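Asks: One structure, pasted below without further comment.
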Amino acid sequence: MTTNVLILCTHNSARSVLSEGMLNHLAKQFGRDVRAYSAGSSPSGRVNPFAIEALSNAGVDVSEFRSKSWDEFIGENAPQMRVVITVCDNAADEECPYWPGSPVKVHWGYPDPSNTEGGDEKKRQAFELTRQAIAYRMLQLLLLPLDDMSNAELEETLQHLARS
């Protein structure tokens, strides 16, 4: 059965998009039945072009990315999530909607590369470093025996990864 993962950030334009892209890309490479989605509580309506560039440079297909609301994932036709990950502190502090199926929730915070000062090259570097950090943690998630773990075991393990 597919393990669905929803990754949240307030604007769904940078960190959550990087996370969705890397988790899906790595899951495909490793033949894992994991599907990532991303959304935001207040979507910006556009994906940051530096996020698209960093993902493209890593070989990720970016043709389908868009900034979307988390409301798309609470309806009856929405995929049922096993895991919900917040990747920005603002989203972690927000009151989240009820997620059908009571998924495991964890916060994996990353600094916002969009706030990097110093011009485009500095921003590119910040996005690439954030993409790499996210990819490492998503790889750790993919290496877990997800089908054999209870939600309690999965939550404990994901919380441990957040601290490592």
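Asks: What is the percent carbon and sulfur in the accessible area of the chain, measuring with a 1.4 Å probe over the protein chains and ignoring ligands?
Replies: Its accessible area is 48 percent carbon and sulfur atoms.
Asks: OK, next. So, for region 56-164, what is the accessible surface per residue at a probe of 1.4 Å, expressed in square angstrom?
Replies: I get 59 Å² per residue for region 56-164.
Asks: Charges only on Cβ, +1 for Lys and Arg, -1 for Asp and Glu: so what's the dipole of region 95-160 about the Cα centre, in debye to the nearest 20?
Replies: 260 debye
Asks: For the chain, what is the relative contact order in percent, using Cα pairs closer than 8 Å and at least 6 residues apart in sequence? Let's see the in-between values first.
Replies: Details: 289 pairs, mean separation 44.1, N = 164.
That works out to 27 percent.
Asks: Measure of size requested: the Rg and Dmax of region 3-159, with Cα atoms as the atom set and Å as the unit; please supply both.
Replies: 14.7, 46
Asks: Still on this structure, please answer the following. For the chain, take the longest principal axis of its alpha carbons; what is the angle in degrees between that and the long axis of helix 15-30, to the nearest 10 within 0 to 90?
Replies: Helix 15-30 sits at roughly 60 degrees to that axis.
Asks: Per-residue counts of other Cβ atoms within 10 Å, averaged by peptide: what ranking do you get for 98-108, 4-14, highest first?
Replies: 4-14, 98-108
Asks: Run the reach check for Lys28 against lysines, Cα to Cα strictly under 27 Å, same-chain hits fewer than 8 apart removed. What comes back?
Replies: Lys68, Lys105
Asks: Subtract the Cα-Cα distance of Val62 and Tyr136 from 0.36 nm times their separation in residues, and report this length gain in nm to one decimal.
Replies: Taking Val62 through Tyr136 to full extension adds about 24.7 nm, to one decimal.
Asks: Further question on the same structure: Taking Cα atoms, how many degrees apart are the long axis of helix 151-163 and the longest axis of the chain, rounded to 10 and kept between 0 and 90?
Replies: For 151-163 against the chain, the angle is about 30 degrees.
Asks: Pop out the Kirkwood hydrodynamic radius of region 93-153 from its pairwise C-alpha distances, inverse of mean 1/r, in Å to one decimal.
Replies: Details: mean 1/r = 0.0688 Å⁻¹.
14.5 Å is the Kirkwood radius here.
Asks: By how many degrees, 0 to 90 and rounded to 10, does the Cα axis of helix 120-142 deviate from the longest principal axis of the chain?
Replies: Between the helix axis and the principal axis of the chain, the angle is about 20 degrees.
The values are calculated or read from the model by the stated rules, or taken from the named source; none is laboratory data. Just so you know, these numbers come straight off a predicted model, no measurement behind them. Ideal geometry is used to build each Cβ from the backbone, glycine not excepted, and the neighbour counts take in all protein chains shown. Just so you know, the surface numbers come from the protein's heavy atoms only, side chains and all, with ligands and any DNA or RNA stripped out. Shrake-Rupley method; radii C 1.70, N 1.55, O 1.52, S 1.80 Å.
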